[in-house]
Protein chains: 2
Amino acid sequence: MLRDRLVEALGSDAVKTAPEDLAVYAFDAYTDGGLPSAVVLPSSTRDVSAIVKIARDCGEPIVARGAGTGLCGGAVPLAGGIVISFARMNRVLDLDERNRRARVQPGLINLALSREVANLGLFYAPDPSSQLISTIGGNIATNAGGPHCLSYGTTINHVLGLEIVDAAGDVFETSIDVAGYDLTAAFVGSEGTLGIVTSAWVRLMALPESVRVWVAAFDDIDSASEAVSAIIAAGILPTALEMMDVVITRAVEAAFHAGYPTDAAAVLLIENAGFDEDVEASESAIHTIAVAHGARSWRSARTKGERDALWAGRKSAAGATGRIAPNYYTQDVCVPRSRLPQALRAVGEAAHENGITVGNVFHAGDGNLHPLLMYDKRDRKQVAAVIETGNQILQCAIDLGGTISGEHGIGWEKRDAMTRVYSTADLAVMARVRDVFDPMRMLNPEKIFPAGARCPEVAPP
Amino acid sequence: MLRDRLVEALGSDAVKTAPEDLAVYAFDAYTDGGLPSAVVLPSSTRDVSAIVKIARDCGEPIVARGAGTGLCGGAVPLAGGIVISFARMNRVLDLDERNRRARVQPGLINLALSREVANLGLFYAPDPSSQLISTIGGNIATNAGGPHCLSYGTTINHVLGLEIVDAAGDVFETSIDVAGYDLTAAFVGSEGTLGIVTSAWVRLMALPESVRVWVAAFDDIDSASEAVSAIIAAGILPTALEMMDVVITRAVEAAFHAGYPTDAAAVLLIENAGFDEDVEASESAIHTIAVAHGARSWRSARTKGERDALWAGRKSAAGATGRIAPNYYTQDVCVPRSRLPQALRAVGEAAHENGITVGNVFHAGDGNLHPLLMYDKRDRKQVAAVIETGNQILQCAIDLGGTISGEHGIGWEKRDAMTRVYSTADLAVMARVRDVFDPMRMLNPEKIFPAGARCPEVAPP
């Protein structure tokens, strides 16, 4: 029945129900998942609208999916339902060079947009490490960040308007127009629970005249953290300010020979971009601060090749840990920048206590930690230890005045932790907004909101 | 009954019902208004909550009011109701210097915040020309801009979280936390129709090391407009990029002797701020572009006194037109920067056709026009001509791909124009969100949404 109706609306080529096809959509980058009832690959907004109406008739929940790189299970089905893959809606629909904006489909790969507009001297700024494969639609769903969000802002700062299909299959648009309510921000980061984005106007930025990348090595994490705070306190906002500990630099160097020192407790990867004179002026200022905070080496990448190698190493750091353990779990929490030293100590203690190897590679300028917990999925004890460590890290971030997600959303994994950062009243307000757009809770129903909520307004129906 | 209950809850000192008191709250900076049933001056969130509950019981609508500087009638009552004045909730509640943020009450005057944190080397960036008197709460209600929003963004970019009292009198909080829905943006710019902001966490920025201000004079508006586009196309984003026509520069010079040339068709006021070297480098780049586009004079303000005089003149431009006519009406529309010459021609034609004197002083870098239409309120024909001119300017902005508000909201004045920029489906979505927070439509009920809407979801109940 479901399959027949989907095939009738979209053609058999766009509907997958064979077990081997469904299995491919059972997981994202989180450890848990489930098989969908069907996977559909729409080619247009009209297709999406038709799918939603069929799902409604058949009582099937819907999970929208980009590249499946999300860390929190936001894109996985849990008990049947329809997965909408946007693999075929991956084009740039409009390119408005003069006003520096583009209208794109949700399945467009993040880096593909920057590549497409590079010859115009433009780029799309949000750059999650997954940008080689993750999609703009998925980035919108989680309000994705990336190293350069320190100065350019996260996805929300680059979305100008959305076309959305709601849970009734109706299409509407939001824009960041001053006239009327700004609902765009409510949809960005809502992980497919309020509606399905079928196209987005995004902001493009001018490629900077000059880019410089520097690497500073420190003998301890505290000194590196203090250098980070001092750089920003001095009024300098580099385009990126990343930290890696020795576990990560060694893994990266072993895998990629990117050019990082492997004998330092902490390494800062610092980038600045802009006009040549400005970037040059910032180099000496940043260098002085780094040395004053104990940097024992300083290196300036001289060529584009050196810069690219350093960035490729940074963005592939998670993959590089494959040499240490067969699996890794990435936690994603934020703390105020000034609490970084305490947060990193707490991460180390939690990992040690649970017998887990941890590597830290993260957006230091934003206070956004990404502890990589290394383990073997085949060992149940290790799985339990990793989950416990992740949980302790969440609590430590909250205790330090931070929050439970920096850029990867809440999804399935962290929904019960929402009660630790929001009051029931605040969650109930969010749930009331959800009910406006999805009164039947058919859009990604098991996500974001806590499962065990006592408040009837928050709990699933 | 209403008065008795309000006095019982807040004390007689906080409740005004004498005709001479009510008259003071009948108008804002728009031409239309009406008398409230009562004016209350709460001192706390608890007071606001009590007022809302009493209003609900008594079936009275509520209009929240800051300083009453809004241009579109957003803060005026129309048919009775309670005006909540935030004059007594005007304090900085928390100052978090290290993380550069402050929690403030809605009645705090915009400039008072910057003055309070200046000794820490910080400031609050959004700077509407009304900043000497307008309040942070009113700025949030309209998502206020200002000259420096070109580089710093509008109010929404500086609000980190809100405490809100909803139409049931319940209190909740929003934050721009990545976890959960970002509802802050929906409240910023909602003009008191979704809830009443009782406190706000706002971002503070570091005062720049160096500030420079330049004045470039042009023989025609087109050349000045093209210079504006060229500066930004070159990848330079000055902190402010304002234009004034000769009507305005002459009025300003007659009133304030601010230092503007009075013989040029168009004058650009350009500011850049940052590190000394960067600002110096930008001066020569901007100067070169201005000259290439026909600037016939260029002046650099050498002292802080000269800079302040130029800015004071710019920010008092509307008042200066009092020498030309007893009243002025400010229109507020946006067009793509590339359409500025056409937009200004259309403004001139509309004014000429209706026999109205117009002066242009506006945020050129943002494409945000502010034609000042000068008239005598005592002459009914002139009032009608001004309204017609304003209306034609709205339509011209829409025709050029722009929109009906830049930074002053929709309020009462522009609500019927909403149907010209939004489809019924898009307006219905906004109305559904409104119904979540204010199902009885008791919060500023006659604002934003069109009066004559045919769609039952959009029309008032």
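Okay, residues lined up against (1) in the same structural domain as B:Ile140 (by TED's automatic domain parsing); (2) in contact with a helix residue (DSSP H, G or I) (Cβ under 6 Å, 6 or more places away or on another chain); (3) surrounded by 20 or more Cβ atoms within 10 Å (Cβ to Cβ):
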residue: B:Leu10; (1), (2), (3): no, yes, yes
residue: B:Thr17; (1), (2), (3): no, yes, no
residue: B:Lys53; (1), (2), (3): no, no, no
residue: B:Gly59; (1), (2), (3): no, no, no
residue: B:Gly66; (1), (2), (3): no, yes, yes
residue: B:Thr69; (1), (2), (3): no, no, yes
residue: B:Cys72; (1), (2), (3): no, no, yes
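Scan region A:34-53 and report the pairs whose first residue is over 17 Å from A:Gly66 (Cβ atoms) and whose second residue is surrounded by fewer than 18 Cβ atoms within 10 Å (Cβ to Cβ) and of a type in the set (Ser, Thr, Tyr), with Cβ atoms within less than 9 Å and a gap of 6+ or a chain change.
Partner pairs satisfying both residue conditions: A:Ser37/A:Thr17; A:Ala38/A:Thr17.
Here are A:Asp177, A:Asp127: which of them is under 13 Å from the mean Cα position of the chain (by Cα) and assigned to a loop (DSSP other than H, G, I, E, B)? Break it down stepwise before answering.
Values: A:Asp177 fails: under 13 Å from the mean Cα position of the chain (by Cα).
Sole residue among the options that is under 13 Å from the mean Cα position of the chain (by Cα) and assigned to a loop (DSSP other than H, G, I, E, B): A:Asp127.
Quick check on region B:413-434: of everything there that is within 11 Å of chain A (Cβ to nearest Cβ) and outside any helix (DSSP H, G or I), which residue is surrounded by the fewest Cβ atoms within 10 Å (Cβ to Cβ)?
B:Ser423
When residues of region B:139-173 are filtered for being at the interface with another protein chain (Cβ under 10 Å from one of its Cβ atoms), within 19 Å of the chain's Cα centre (by Cα) and under 23 Å from B:Ile62 (Cα atoms), how many remain?
3
If you go through region A:437-461 one residue at a time, how many are touching a Leu at 6+ places or on another chain (Cβ under 8 Å), aliphatic (A, V, I, L, M) and at pLDDT below 90?
Count: 2.
Does B:Ala384 satisfy the condition of being at pLDDT 95 or above and not β-branched (Val, Ile, Thr)?
no
Looking for whichever is more than 11 Å from chain B (Cβ to nearest Cβ) and modelled with pLDDT of 90 or more here; the options are A:Asn360, A:Asn368. Which one fits? Let's see the steps before the verdict.
Numbers: A:Asn368 fails: more than 11 Å from chain B (Cβ to nearest Cβ).
Being more than 11 Å from chain B (Cβ to nearest Cβ) and modelled with pLDDT of 90 or more holds for just one of A:Asn360, A:Asn368, which is A:Asn360.
Within region A:235-245, is there a residue that is surrounded by fewer than 19 Cβ atoms within 10 Å (Cβ to Cβ) and either basic (Lys, Arg) or in contact (Cβ under 8 Å) with a residue 60 or more places away in the chain (or both)?
Taking every residue of region A:235-245 in turn, at least one turns out to be surrounded by fewer than 19 Cβ atoms within 10 Å (Cβ to Cβ) and either basic (Lys, Arg) or in contact (Cβ under 8 Å) with a residue 60 or more places away in the chain (or both).
Which of the residues belonging to region A:263-297 are surrounded by fewer than 19 Cβ atoms within 10 Å (Cβ to Cβ), away from chain B (no Cβ under 14 Å) and over 16 Å from A:Glu226 (Cβ atoms)?
Passing the criteria: A:Asp263, A:Ser297.
Rundown of residues vs (1) away from chain A (no Cβ under 14 Å); (2) surrounded by 24 or more Cβ atoms within 10 Å (Cβ to Cβ); (3) touching a Phe, Trp or Tyr at 6+ places or on another chain (Cβ under 6 Å), yes/no style:
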| site | (1), (2), (3) |
| --- | --- |
| B:Ser175 | no, no, no |
| B:Gly189 | no, yes, no |
| B:Gly192 | no, yes, no |
| B:Ala200 | yes, yes, no |
| B:Val211 | no, no, no |
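In this structure, is A:Ile410 of a type in the set (A, V, I, L, M), buried (at least 22 other Cβ atoms within 10 Å of the Cβ), touching a residue at least 24 places away in the same chain (Cβ under 8 Å) and assigned to a loop (DSSP other than H, G, I, E, B)?
Judged against the criteria, A:Ile410 is a match.
Considering region B:231-255 alone, what residues qualify as being at pLDDT 90 or above and within 18 Å of B:Val279 (Cα to Cα)? Reasoning before the result, please.
Here is the first cut: in region B:231-255, the residues at pLDDT 90 or above are B:231, B:238-255.
Correct list: B:Ile231, B:Pro238, B:Thr239, B:Ala240, B:Leu241, B:Glu242.
Could you tell me whether any residue of region B:381-389 is under 22 Å from the mean Cα position of the chain (by Cα) and closer than 20 Å to B:Gly313 by Cβ?
No.
Restricted to region B:384-407, and to residues that are over 14 Å from B:Val421 (Cα atoms) and either touching a Phe, Trp or Tyr at 6+ places or on another chain (Cβ under 9 Å) or at the interface with another protein chain (Cβ under 10 Å from one of its Cβ atoms) (or both), which residue is surrounded by the most Cβ atoms within 10 Å (Cβ to Cβ)?
Checked region B:384-407; the qualifying residue surrounded by the most Cβ atoms within 10 Å (Cβ to Cβ) is B:Val386.
Going by the structure shown, is A:Asp182 within 8 Å of chain B (Cβ to nearest Cβ) and either within 22 Å of B:Pro336 (Cα to Cα) or acidic (Asp, Glu) (or both)? Break it down into steps so the answer makes sense when it comes.
Details: within 8 Å of chain B (Cβ to nearest Cβ): yes; either within 22 Å of B:Pro336 (Cα to Cα) or acidic (Asp, Glu) (or both): yes.
Judged against the criteria, A:Asp182 is a match.
Tell me the residue from A:Ser44, A:Ser49, A:Ser37, A:Ser12 that is among the polar types (S, T, N, Q) and under 18 Å from A:Lys447 (Cβ atoms), please.
Numbers: A:Ser44 fails: under 18 Å from A:Lys447 (Cβ atoms); A:Ser49 fails: under 18 Å from A:Lys447 (Cβ atoms); A:Ser12 fails: under 18 Å from A:Lys447 (Cβ atoms).
Checking each option against the conditions leaves just A:Ser37.
Can you name the number of the only condition in (1) touching a Cys at 6+ places or on another chain (Cβ under 9 Å); (2) of a type outside the set (A, V, I, L, M, F, W, C); (3) farther than 17 Å from A:Val429 by Cβ that B:Asp177 fails?
(3)
Run down B:Lys381, B:Lys377 and say which single residue is away from chain A (no Cβ under 14 Å), over 28 Å from B:Ile164 (Cβ atoms), assigned to a loop (DSSP other than H, G, I, E, B) and not polar (S, T, N, Q).
Values: B:Lys381 fails: assigned to a loop (DSSP other than H, G, I, E, B).
Result: B:Lys377 is the single residue among B:Lys381, B:Lys377 that is away from chain A (no Cβ under 14 Å), over 28 Å from B:Ile164 (Cβ atoms), assigned to a loop (DSSP other than H, G, I, E, B) and not polar (S, T, N, Q).
Scan region A:59-112 residue by residue and report those that are outside any loop (DSSP other than H, G, I, E, B), over 23 Å from the mean Cα position of the chain (by Cα) and modelled with pLDDT under 95.
A:Asp96
Scan B:Ser114, B:Ser130, B:Ser151, B:Ser175 and give me the residue that is free of Cβ contacts under 8 Å to residues at least 24 places away in the same chain and polar (S, T, N, Q).
Values: B:Ser130 fails: free of Cβ contacts under 8 Å to residues at least 24 places away in the same chain; B:Ser151 fails: free of Cβ contacts under 8 Å to residues at least 24 places away in the same chain; B:Ser175 fails: free of Cβ contacts under 8 Å to residues at least 24 places away in the same chain.
Going through B:Ser114, B:Ser130, B:Ser151, B:Ser175 in turn, the sole match is B:Ser114.
The values are calculated or read from the model by the stated rules, or taken from the named source; none is laboratory data. Nothing here was measured: the structure is a model prediction, and the numbers come from that model. Quick reminder, even Gly has a Cβ in these numbers, built from the backbone with ideal geometry, and neighbours come from all protein chains shown.
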